[in-house]
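Colleague: My questions will all concern the structure given below.
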Amino acid sequence: MPRPHRLPPIIALLAAGLSVPTAWAVDNTTGLETLTVTASAATKTETPFIETPQAISVIERDDWEPRAAETVQRAADYTPGVFTNQIGASNRYDYLVLRGFADGSINNTFLDGLKVMSDGGSFSSLVIDPWFLEHIEVVKGPASVLYGRASPGGLVAQTSRRPAFEPGGELRLRLGNNDQRGAAFDLTGPLDAERRLAFRLTGLARSADIQFGPVEEERYAIAPQLTWDITDATSLTLHAYLHRDPQGGYHAGLPFEGSVVDRHGRRIANDFFEGEEAFERFERDQTMLGYEFEHRFSETLSARQRLRRTEADVQLAQVYAYGWASATELNRFFSGGEESLEALTVDNQLEARLTAGGVDHTLLLGLDHQRRDNDVLWTSGAFPPIDAFDPRYGAQPTMMFPEVRQHRELEQSGVYLQDQLAFGNWRANLGGRHDWVDITNTDPDSGAASALDDTQFSGRAGLLYLFDNGLAPYASYSTSFSPNSTTDQNGDLLSPTAGEQLEFGLKYQPPGTQDRYSLALFDITQENVSTKLPNETFYRATGEIASRGLELEAHSQLTEALAVQAAYSYTDVTLEKTGDATQGNHDNQVPRHQLAVWGNYAFQSGALAGLDAGLGVRYHADIHADDANTEQVPDYTLVDATLGYDLGRVGLEGVYARLNVNNLRDEEYVASCFDLNFCYFGAERSVTASVSYSF
């Protein structure tokens, strides 16, 4: 039985869903006062980029749409401090390595202020298609003070398109190589003459073959929403997101020898499929239902509540390679899974703005609660080897191992307080949070269980000075925690890992522009990382990882026609304490150097008026292939390009055509390696053409 949750009764009652009402803003486009959610994920309040003493990167729709990004990880390709190629060409999950920490978006994805309740210890990691998003905010460094359990590397906060009180819409068709095909729509507008009710209906269907054998990707999703401005001070938005992936593409790796370097003078092709079509399956169904309730008590006091319920079912079957069996043959094994996840998350906030002693305060008091249950059935087995250079398919398993059943429960409640202070040109941010965390993994057959019942405190302090010319130097300190999924010699879950970060930075936003520039220096230490000696079957929470680095970012409209986005990251991640020979080595799957530049030129006049052209370059260097640091992945450079044309110039008002080519040179490369047994080929060249109609 799960242990009782140690939470004060009044807090538990509120966290379970009592309605405390949220912030208010004026929408001048409709002539009516309406609520808008424009809060920064770094503060959960309306805080400008230039006044936030923490590194954040905001990715707008106008950034990823011209690049034809169809996943969140592709949308983040040009973002500093984010490695988007951890698993190469795989699109099954949104893998983002944030400041060197690989649990990036799988465990740290948020949608509209609430955690996307994936289960990082299983196959039930959920995704949101970027067609349904308005923008993405990557918050760098620990953010547990507002969100509870989180990676010290940061979090990925996604914001949905919401109902608008002006009618509008968009239709889009897309075709491409590998039989890419897709259609999408987005409709919004008022439902009544008084413009108190507004709707939004967004949908998408797409599919594609991929570069690995018979595997395909297929997706259908729809999001109906309704906003009701109940009074001039109260608003309610109901929303749903229904998502089905009947086919989830490819997710496997191959040995370093054979993929990165030759194996007896031969190299595995970058489209090689080591599995079996009859045993290849990934289906994911996810449903999210929720609401946002907001109320303004006065000009200085407001409240909000956000709640979402999630259900997800995942079915997996996969034959994968693990090491060489002979000079040409790879060992193969089978992995299968059936999982059913249910989750609920709610966040209650009370925000007050006041002035005392010449200091302006924005106070935020919050109370949130998360609950997740996941029933899993995992199967495994062995398959005959396959020749990596002359494959023959149609094999059957040679052995199946006993099934593993598990009921995985997680419950977390937290109370937090944040004070944002403004005095003259100074901006300060102080925050603290206390969490109660309960995790229980139970074998339903034997009743054996591993459990964690813990409390955690997280804090943050930041100070920034805003010069009149738009320069803003800052310094900040923040902490994080994240539960471990491994067990000790007694079968108990290890204590959560604890992270802390010291960051110094400089931001610049020229007055009167949307341009933004930033520099950040950071030093992160994560303790209580689970480690295991080779001769032991259990883990110890004794490890320590340090991540230090530099990030530079620029978004600039250089001229009326030319916009440039540039990003550079230097990330040095060291295994400070491991208890084995890897101690002091650099972590793998982390490029020490990343450089990305994207430029877009929109012709303003003459015969080419209406045409825009974009070109991007992404460079990744110094990626270790294993913790022992015996091998490295060769550096690689990728080029992306686009051409777009506004057909309104020839009388087709609202119609726009675009051609995209990603990996323009069709470079064959290995993106990264989990270890020397699992290296991941990068995506081959992709060519897509799209036509959209906006009205």
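Colleague: Out of Ala596, Ala625, report the one residue that is under 29 Å from Phe674 (Cβ atoms), of a type outside the set (Lys, Arg) and touching a helix residue (DSSP H, G or I) at 6+ places or on another chain (Cβ under 6 Å).
Modeller: That would be Ala625, the only listed residue that is under 29 Å from Phe674 (Cβ atoms), of a type outside the set (Lys, Arg) and touching a helix residue (DSSP H, G or I) at 6+ places or on another chain (Cβ under 6 Å).
Colleague: Could you check the stretch 642-663 and list, in sequence order, the residues that are out of contact with any Gly (no Cβ under 7 Å at 6 or more places or on another chain) and surrounded by 18 or more Cβ atoms within 10 Å (Cβ to Cβ)?
Modeller: The answer is Gly644, Asn660, Val661, Asn662, Asn663.
Colleague: Of all residues in the stretch 489-525, which are in a loop (DSSP other than H, G, I, E, B), under 24 Å from Asp443 (Cβ atoms) and in contact with a strand residue (DSSP E or B) (Cβ under 7 Å, 6 or more places away or on another chain)?
Modeller: Gly491, Asp492, Leu494, Ser495, Pro496
Colleague: Show the residue pairs meeting these rules: Cβ distance below 6 Å; 6+ apart or different chains; first residue within the stretch 597-613 and within 15 Å of Val650 (Cα to Cα); second residue among the charged types (D, E, K, R) and surrounded by fewer than 15 Cβ atoms within 10 Å (Cβ to Cβ).
Modeller: Gly610/Arg649
Colleague: Sticking with this structure for a sec: From the list Asp285, Asp360, which one is at pLDDT 95 or above, surrounded by fewer than 17 Cβ atoms within 10 Å (Cβ to Cβ), within 23 Å of the chain's Cα centre (by Cα) and not hydroxyl-bearing (Ser, Thr, Tyr)?
Modeller: Selected residue: Asp285, the only one of Asp285, Asp360 that is at pLDDT 95 or above, surrounded by fewer than 17 Cβ atoms within 10 Å (Cβ to Cβ), within 23 Å of the chain's Cα centre (by Cα) and not hydroxyl-bearing (Ser, Thr, Tyr).
Colleague: For Gln594, are the conditions met, namely being under 17 Å from Val670 (Cβ atoms) and crowded, with 17+ Cβ neighbours inside 10 Å?
Modeller: Yes.
Colleague: Assess whether Ile136 counts as being at pLDDT 95 or above and assigned to a loop (DSSP other than H, G, I, E, B).
Modeller: Against the criterion (at pLDDT 95 or above and assigned to a loop (DSSP other than H, G, I, E, B)), Ile136 does not qualify.
Colleague: Could you check the stretch 147-168 and list, in sequence order, the residues that are surrounded by fewer than 17 Cβ atoms within 10 Å (Cβ to Cβ) and among the small types (Gly, Ala, Ser)?
Modeller: Scanning the stretch 147-168 gives a single hit, Gly168.
Colleague: Sticking with this one: Take the conditions in a strand (DSSP E or B), more than 24 Å from the chain's Cα centre (by Cα) and farther than 25 Å from Asp271 by Cα and apply them to Arg371. Does it pass?
Modeller: Against the criterion (in a strand (DSSP E or B), more than 24 Å from the chain's Cα centre (by Cα) and farther than 25 Å from Asp271 by Cα), Arg371 does not qualify.
Colleague: Give the residue, chosen from Asp445, Asp453, that is surrounded by fewer than 20 Cβ atoms within 10 Å (Cβ to Cβ) and farther than 28 Å from Thr497 by Cβ.
Modeller: The unique qualifying residue is Asp445.
Conditions tested, residue by residue: (1) at pLDDT 70 or above; (2) closer than 18 Å to Ala683 by Cβ; (3) touching a Ser or Thr at 6+ places or on another chain (Cβ under 7 Å).
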{"position": "Pro8", "(1), (2), (3)": "no, no, no"}
{"position": "Leu18", "(1), (2), (3)": "no, no, no"}
{"position": "Pro21", "(1), (2), (3)": "no, no, no"}
{"position": "Glu60", "(1), (2), (3)": "yes, no, no"}
{"position": "Ala89", "(1), (2), (3)": "yes, yes, no"}
{"position": "Gly100", "(1), (2), (3)": "yes, no, yes"}
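Colleague: Let me ask something else. Is it the case that the stretch 107-127 has a residue that's assigned to a loop (DSSP other than H, G, I, E, B), in contact with a Leu (Cβ under 7 Å, 6 or more places away or on another chain), among the hydrophobic types (A, V, I, L, M, F, W, C) and surrounded by 24 or more Cβ atoms within 10 Å (Cβ to Cβ)?
Modeller: Taking every residue of the stretch 107-127 in turn, at least one turns out to be assigned to a loop (DSSP other than H, G, I, E, B), in contact with a Leu (Cβ under 7 Å, 6 or more places away or on another chain), among the hydrophobic types (A, V, I, L, M, F, W, C) and surrounded by 24 or more Cβ atoms within 10 Å (Cβ to Cβ).
Colleague: Now a separate question. Scanning for something aromatic (Phe, Trp, Tyr), within 19 Å of Pro152 (Cα to Cα) and surrounded by 15 or more Cβ atoms within 10 Å (Cβ to Cβ), does the stretch 456-463 turn up at least one residue?
Modeller: No; the residues of the stretch 456-463 include none that is aromatic (Phe, Trp, Tyr), within 19 Å of Pro152 (Cα to Cα) and surrounded by 15 or more Cβ atoms within 10 Å (Cβ to Cβ).
Colleague: Another question about this same structure. Restricting attention to the stretch 46-105, which residues are among the basic types (Lys, Arg) and part of a loop (DSSP other than H, G, I, E, B)?
Modeller: Across the stretch 46-105, the qualifying residues are Arg92, Arg99.
Colleague: Taking into account only those residues within the stretch 654-692 that are in contact with a strand residue (DSSP E or B) (Cβ under 6 Å, 6 or more places away or on another chain) and outside any strand (DSSP E or B), which is farthest from Ile210 (Cα to Cα)?
Modeller: Checked the stretch 654-692; the qualifying residue farthest from Ile210 (Cα to Cα) is Gly654.
Colleague: What is the number of the single condition among (1) within 21 Å of His135 (Cα to Cα); (2) part of a strand (DSSP E or B) that Gly182 does not meet?
Modeller: Looking at each condition in turn, Gly182 falls short on (1).
Colleague: Related question: When you look at Phe297, is it on the phi < 0 side of the Ramachandran plot, surrounded by fewer than 17 Cβ atoms within 10 Å (Cβ to Cβ) and among the aromatic types (Phe, Trp, Tyr), yes or no?
Modeller: Yes.
Colleague: Any idea which residue in the stretch 525-560 is modelled with the highest pLDDT, counting only those that are of a type in the set (A, V, I, L, M, F, W, C) and in contact with an Asp or Glu (Cβ under 7 Å, 6 or more places away or on another chain)?
Modeller: Ala546
Colleague: Can you say whether Tyr619 is buried (at least 17 other Cβ atoms within 10 Å of the Cβ), modelled with pLDDT of 95 or more and of a type in the set (Phe, Trp, Tyr), as far as the supplied structure shows?
Modeller: Criteria not met by Tyr619.
Colleague: Is it fair to say Leu643 is part of a loop (DSSP other than H, G, I, E, B), among the aliphatic types (A, V, I, L, M) and more than 23 Å from the chain's Cα centre (by Cα)?
Modeller: No; evaluated as a whole, the condition is false for this residue.
Colleague: So, one more: Sort through Leu452, Leu430 and tell me the only one that's assigned to a strand (DSSP E or B), under 25 Å from Ala356 (Cβ atoms) and either of a type in the set (D, E, K, R) or over 25 Å from the mean Cα position of the chain (by Cα) (or both).
Modeller: One residue alone meets the criteria, Leu430.
Colleague: To continue, here is another question. From the residues in the stretch 464-490 that are of a type in the set (Gly, Ala, Ser) and within 18 Å of Leu410 (Cβ to Cβ), which one is surrounded by the fewest Cβ atoms within 10 Å (Cβ to Cβ)?
Modeller: Ranking the candidates gives Ser485 first.
The values are calculated or read from the model by the stated rules, or taken from the named source; none is laboratory data. Note that this is a predicted model, so its numbers are computed, not measured. FYI the Cβ positions are ideal-geometry reconstructions off the backbone, even for glycines, and counts take in every protein chain you see.
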